[in-house]
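Everything on this sheet refers to the single structure shown next.
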Amino acid sequence: MKDRIDLFLLDDHKIVRDGLRSILSPYPSLKIVGEESHAKKFLSALPELKFDILILDLSLPDLSGMEVLKEVKRLRPEISVIVLSMHNNPEYMIRALKAGAAAYHSKDIQSTVLVESIHEVKKHGVYYPTAISLNSPSLPQDPVQKGEVLTQKERDVLKLMVIGMSSKQIAAEYGLSPRTIETHRLNIMKKLGTSNSAETIAVAIRENLL
């Protein structure tokens with residue numbers, strides 16, 4: 001297996017693509033081998049392109065990034081996709097992960113996080129706050145028992161858990177005490193049959209509980 005990771009950029013803003021080149025160029029293990037601003041041109045060329053990871057924007061002029069993601073996973077399932085989006089929203093993140101994205105970042109992340117995620121995706125196939133596969137055989141396959149459904153508040157807490165917020169941060173978001181949020185987290189784990197936050201988030205995404 002080659003040490004270098006070949007990347008392709010699909011973003012309609014040249015300043016973003018240039019910025020990514022500037023950020024990633026100091027790393028000898030990473031090489032941007034191509035870029036495109038139009039989704040349809042990229043997809044038409046996809047069968048002939050050779051790269052390991054696509055860095056994908058969701059907002060494109062001619063086709064949605066979510067549609068591109070689904071087509072890439074259909075046509076070239078061996079290619080990993082890292083979504084780099086202006087949408088810092090758990091709903092977008094969950095949709096992208098369920099569609100096959102290996103990682104999801106908002107465009108205001110630190111450059112070191114992006115670099116770390118590229119290496120983790122190449123090595124493990126996935127990178128998100130839980131660092132756990134959605135299809136892990138260790139996770140319960142029937143997490144929600146009959147009559148045990150999440151309340152709306154538990155779903156709200158779960159959404160913020162997915163994007164990596166702590167109990168203290170979630171408490172501040174809803175004007176509640178950290179102890180109350182901890183109680184919600186424990187109730188969520190009990191209902192889903194999980195033992196930690198990583199398993200809980202992975203089950204929530206896999207089972208479309210949000």
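Annotations for the structure displayed:
- Condition met for Ser80 (of a type in the set (Gly, Ala, Ser), surrounded by 14 or more Cβ atoms within 10 Å (Cβ to Cβ) and within 20 Å of Ala101 (Cβ to Cβ)): yes
- Condition met for Ser59 (under 30 Å from Leu160 (Cα atoms), surrounded by fewer than 16 Cβ atoms within 10 Å (Cβ to Cβ), at pLDDT below 95 and in contact with a helix residue (DSSP H, G or I) (Cβ under 8 Å, 6 or more places away or on another chain)): yes
- Check on Asn135, within 18 Å of Asp11 (Cβ to Cβ) and either at pLDDT below 85 or in contact with a Cys (Cβ under 9 Å, 6 or more places away or on another chain) (or both): no
- The condition (being assigned to a helix (DSSP H, G or I), within 16 Å of the chain's Cα centre (by Cα) and not polar (S, T, N, Q)) is satisfied by just one residue among Ile188, Ile170, Ile201, Ile181: Ile201.
- Cross-chain or 6+ apart pairs with Cβ under 7 Å, segment 103-117 first and aromatic (Phe, Trp, Tyr), then in a helix (DSSP H, G or I): Tyr104/Met93; Tyr104/Ala96; Tyr104/Leu97
- Residue in segment 91-101 that is in contact with a strand residue (DSSP E or B) (Cβ under 7 Å, 6 or more places away or on another chain), free of Cβ contacts under 8 Å to residues at least 60 places away in the same chain and surrounded by 21 or more Cβ atoms within 10 Å (Cβ to Cβ) present: yes
The values are calculated or read from the model by the stated rules, or taken from the named source; none is laboratory data. Note that this is a predicted model, so its numbers are computed, not measured. All Cβ positions, glycine included, derive from the backbone under ideal geometry; neighbour counts span all protein chains shown.
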